[in-house]
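Heads up: the structure comes next, in structure tokens.
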Amino acid sequence: MSADNNPEVNRLRVLCVDDEELVLDVIQGILATRGIFEVVRESQARHALERLDNGEQFELLISDLNMPGMDGIEFLRHLAAREFAGGIAIISGVERRTLDVVDSLARAHNLNFLGALQKPITGDSIRKLMDDFQRFASASAIGGAAEVVHVNVAEIRAGMDGGQFDVMFQPKVSVKTRKVVGAEALVRWLHPTHGLLTPESFVPVAEEGGVIHDLTGIVCACVVNAVAPWSDADKDVNISFNAAVDDLDDIMLPEFVVETAAAAGLPPTNLTLEVTESQVMHGLVRILDTLARLRLKGVSLAIDDFGTGFSSLEQLKRCPFTEMKIDKAFVTGAATDGASHAILESSIDLARKLDMHVVAEGVESQEDWDLIADLGCDEAQGYFVAQPMAAEDFPEWRASWEERL
Ligand code: C2E
Ligand code: CA
Ligand code: CA
């Protein structure tokens with residue numbers, strides 16, 4: 001269906017941000033010929049953000065990259081902080097490479113980046129953008145883009161008391177041998193009215209509301225219960241779990257983790273704690289003590305979402321990390337994306353130099369797999385291998401995966 005005949009598209013609200021009035025005139029004019037009249041214009045990103053803060057809703061945002069005041073890159077960061085869920089297009093006269101970087105950044109921020117409109121703007125480029133928007137909008141409608149449900153701390157507490165949290169496991173496989181070497185525990189909330197919720201709906205709320213400690217304790221207990229019935233061979237894979245930075249402030253965490261795991265017959269050397277790169281960069285000194293003690297007890301440490309947190313070489317050298325998990329933004333589709341490819345390659349190189357083991361996240365296709373194999377990545381995690389699954393399904397999945405080797 002073309003965008004023009006679609007009543008949904010005709011009702012859509014578009015926010016256009018550019019410091020050049022003429023560019024705004026052209027875009028508004030072309031959109032009007034396609035039946036889109038709800039176009040709000042702003043000459044500065046700051047004013048556009050004020051509209052969002054006042055609760056205005058936009059399904060599509062078209063913004064210039066080079067603007068006086070707040071530039072387009074900074075604007076993207078602020079949009080990510082506000083969890084802007086609409087489609088985003090950039091207007092730009094810059095070269096392909098810079099646009100690739102903007103694309104990677106937007107993906108790393110979990111924004112819905114639709115592409116760039118090259119200046120001068122033409123009817124054709126707007127038509128292509130609206131087709132892309134249409135695809136994005138229908139994918140969201142069928143659940144392609146996860147909906148973030150808003151919950152509060154009281155509900156999380158009630159959910160914890162009610163035993164509504166559980167973990168799923170996503171396998172990690174060796175790129176060389178294809179054998180299953182580990183599994184990451186990912187928390188889920190079986191919410192009585194919203195259904196199965198993923199962490200983005202409640203982990204940030206739990207962190208802000210000061211209940212992340214309790215949630216992490218519950219996740220550890222769930223992991224232990226979940227793997228208890230596994231055979232010794234299945235328990236022998238490495239189990240990774242995620243910690244929030246506040247967890248690492250707790251000096252008793254190393255003892256707690258090791259003791260809880262021992263109760264399930266898991267030695268500390270079979271455990272990996274994942275901490276995101278941005279958490280590490282914000283509080284390295286604070287958490288170094290806990291990280292070092294976990295390492296001393298034999299727990300492996302992974303730096304998660306690598307590539308999104310801008311850590312320096314100096315900081316990395318000071319951390320006792322044994323594993324680098326490269327963020328999916330630089331893995332999924334990297335074969336055809338020059339900037340991601342470059343970031344992936346240099347991250348792997350860096351991990352090698354720092355003697356870390358490298359895991360690529362978000363391996364979704366054969367092309368992604370072939371590229372990381374080529375670049376010498378150690379392990380792969382992603383939908384190409386398997387989606388996160390219930391603990392009881394893991395042994396059977398593993399047997400059938402390894403049967404095909
Ligand atoms: P993460 O640690 O980066 O975990 C990987 C996320 O990527 C998971 O999302 C997983 O389902 C998803 N994923 C796996 N393979 C693919 C793929 O091929 N393509 C794409 N697009 N996505 C893939 P999930 O389960 O929604 O978790 C989101 C984040 O929530 C996690 O990101 C982690 O940072 C956090 N999290 C998960 N469990 C816990 C927990 O127990 N405690 C804390 N504090 N945070 C947690
Ligand atoms: Ca993780
Ligand atoms: Ca990650």
request  = Find, among the chymotrypsin sites (Phe, Trp or Tyr not before Pro) in region 252-341, those assigned to loop by DSSP (not H, G, I, E, B) with at most 12 other beta-carbon atoms within 10 angstrom.
outcome  = Phe310
20 Å Cα-Cα threshold exceeded, pairs from Lys297/Lys328; Lys179/Lys235; Lys179/Lys325; Lys172/Lys328 = Lys297/Lys328
Whether region 3-140 is rounded, prolate or oblate, judged on the alpha carbon gyration tensor where a/c under 1.5 counts as rounded = rounded
query = Among Ala263, Ala373, Ala292, which one moves the most in a GNM of the chain with springs linking Cα atoms closer than 10 Å?
reply = Ala263
Helical contribution to [θ] at 222 nm, DSSP H n ≥ 4, -39,500 (n - 2.57), averaged over the chain, rounded to 500 = -13000 deg cm²/dmol
query = Using a ≥ b ≥ c from the Cα gyration tensor of the chain (square roots of the eigenvalues), is it rounded, prolate or oblate, where a/c under 1.5 gives rounded and otherwise the larger of a/b and b/c decides, a/b for prolate?
reply = prolate
task = Would you please give the residues with an amide H less than 5 Å from that of Val358, counting only those at least 5 places away or on a separate chain, with H modeled from the backbone geometry?
result = Met324, Asp378, Glu379
note = Classified through the alpha carbon gyration tensor (a ≥ b ≥ c as square roots of its eigenvalues; rounded if a/c is under 1.5, else prolate when a/b is larger than b/c, else oblate), region 140-275 comes out oblate
inquiry  = Suppose accessible area is computed on protein heavy atoms with a 1.4 Å probe; arrange Trp397, Trp369 from highest to lowest.
reply    = Trp397, Trp369
ask   = Using a 1.4 Å probe on the protein chains only, how many percent of the accessible area of region 292-331 belongs to carbon and sulfur?
value = 53
Selected from Leu316, Pro199, Ile218, residue furthest toward positive end of dipole (the chain; charges at beta carbon) = Leu316
message = Under 10 Å, Cα contacts only: if you run a Gaussian network model on the chain, which one of Ser231, Ser240, Ser63 comes out with the highest mean-square fluctuation?
response = Ser231
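The values are calculated or read from the model by the stated rules, or taken from the named source; none is laboratory data. Treat the numbers as computed from the prediction; the structure is a model and nothing was measured. In this analysis, Cβ positions are derived from the backbone assuming ideal geometry, glycine residues included, and neighbour counts consider all displayed protein chains. Remember, those area values only see protein heavy atoms, side chains included, never the ligands or the DNA or RNA. Shrake-Rupley method; radii C 1.70, N 1.55, O 1.52, S 1.80 Å.
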